[in-house]
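Report on the following structure.
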Amino acid sequence: MKKYFQLIRYQNLLLLALMQLVVRYGFLKMQDVFLSLAHWQYGLLVLATVLLAAAGYVINDIFDQESDAVNKPNKQLIGSQISEGQAYNLYVVLNCVGVGIGFYLSNVIERPGFVALFILVAALLYFYATTLKQILLLGTFVVASLLSFSILIIGFFDIFPATYDGNQQVMSNLFSILVDYAVFSFFLGLYRELVKDLEDVSGDTIQGKQTIPVVFGMARATQALFVLSFIPWLILMYYTSRYFIAFDLYPTAVYMFFGLVGPLLYCSIKLFSAKEKQDFKHISLVLKGVTLLGILSIAVVSFNIYYLHA
């Protein structure tokens, strides 16, 4: 059983589930609004998202066996501990259950067409594994977009169906905050995927992937990413000054500076001298930690506002 948990990247799935739970119970439920889904139905939404993400990891590993043999020889599961047939069966089951739950929830909120969102995610993850990741930057953008979509889907299923004329402005404001976090998640996910491309350049070269380090070389790719790495923490500094310090949300501002801005600046400094695989692996790990702290920040903001006005 352990090998299957490793195959679906259970740590990343737990992070995804935590993000969706924090958004609802650390933010939306603290607002004085009615939400569409009951607690157990929201649990199903989280489960559906996690299952589709797990299916994406499985199909990606199936088509990445050649590069994984170089990049992660000690962690390769398909072909050594799990047969390709077993992996395909697991992929089909995960997708069917995930889309099936999506179909049920779409009918619960009386928006049956919303099941197309789940089908689209499953299709994109398949085409990413088989085709899109071979195209320069396109696959990277798809992965980053799907991460941000896991935040927006909360708005589609929990906010949008509960919106009417009397609460439209409030709901619109809540959804716009989710959009802000989705945009942040997109850029952070894009950043981390580009770092992983630098980490996995050896296997990607063998498999013929058109990543930036493969096409332009490690030195140029690292230099370009070093320059781009300044963008997210500069945006966060502006956002913190404009929205948190300006409204006396000082605990949130401190959290942002030390929990997000500081580590992102650290990653920029490390990128400047990074050359070895272990350097990029370390930066990727720090960025995963920043992702976790970014998820928790929405709850920090909510509690700060709540106690400020208590």
Which one is nearest to Arg24 (Cα to Cα), of the residues in region 122-148 that are part of a loop (DSSP other than H, G, I, E, B) and in contact (Cβ under 8 Å) with a residue 24 or more places away in the chain? Leu137
Go through Ile119, Ile151 for me and flag whichever is of a type in the set (A, V, I, L, M, F, W, C), under 15 Å from the mean Cα position of the chain (by Cα) and assigned to a helix (DSSP H, G or I). Ile151
Answer residue from region 20-67, given it is in a helix (DSSP H, G or I) and in contact with a Ser or Thr (Cβ under 7 Å, 6 or more places away or on another chain) and is farthest from Lys133 (Cα to Cα) among those: Met30
What pairs can you find where one residue is in region 255-276 and within 11 Å of Thr222 (Cβ to Cβ), the other is of a type in the set (S, T, N, Q) and not in a helix (DSSP H, G or I), and their Cβ atoms are less than 8 Å apart, with a gap of 6+ or different chains? Leu271/Ser229
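Listed here are the residues, each with its yes/no results for (1) open to solvent by 90 Å² or more (accessible area, probe 1.4 Å); (2) at pLDDT 90 or above.
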residue: Thr240; (1), (2): no, no
residue: Phe247; (1), (2): yes, no
residue: Pro251; (1), (2): no, no
residue: Phe258; (1), (2): yes, yes
residue: Lys270; (1), (2): no, yes
Looking at this structure, is Lys3 closer than 23 Å to Tyr164 by Cβ, among the basic types (Lys, Arg), at pLDDT below 90 and in a helix (DSSP H, G or I)? no
All but one of (1) among the polar types (S, T, N, Q); (2) open to solvent by 80 Å² or more (accessible area, probe 1.4 Å); (3) touching a Lys or Arg at 6+ places or on another chain (Cβ under 6 Å) hold for Ser284; state the number of the condition that does not hold. (2)
Only one of Val93, Val22, Val46 that is closer than 27 Å to Ile119 by Cβ, modelled with pLDDT of 95 or more, open to solvent by less than 80 Å² (accessible area, probe 1.4 Å) and of a type in the set (Val, Ile, Thr): Val46
Checking Ile235 against (1) open to solvent by 60 Å² or more (accessible area, probe 1.4 Å); (2) modelled with pLDDT of 90 or more; (3) within 21 Å of the chain's Cα centre (by Cα): exactly one of these is not met. Which one? (2)
Condition first: open to solvent by less than 60 Å² (accessible area, probe 1.4 Å) and either in a helix (DSSP H, G or I) or at positive phi (or both). Now tell me which residues in region 157-171 satisfy that. Phe157, Asp158, Ile159, Pro161, Ala162, Asn167, Met171
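The values are calculated or read from the model by the stated rules, or taken from the named source; none is laboratory data. Note that the coordinates shown come from a computational prediction; the quantities given were computed from them, not determined experimentally. Virtual Cβ from ideal backbone geometry, glycine too; neighbours counted across all protein chains shown. Quick note on the areas: whole protein, heavy atoms, side chains included, nothing else; ligands and nucleic acids left out. Shrake-Rupley method; radii C 1.70, N 1.55, O 1.52, S 1.80 Å.
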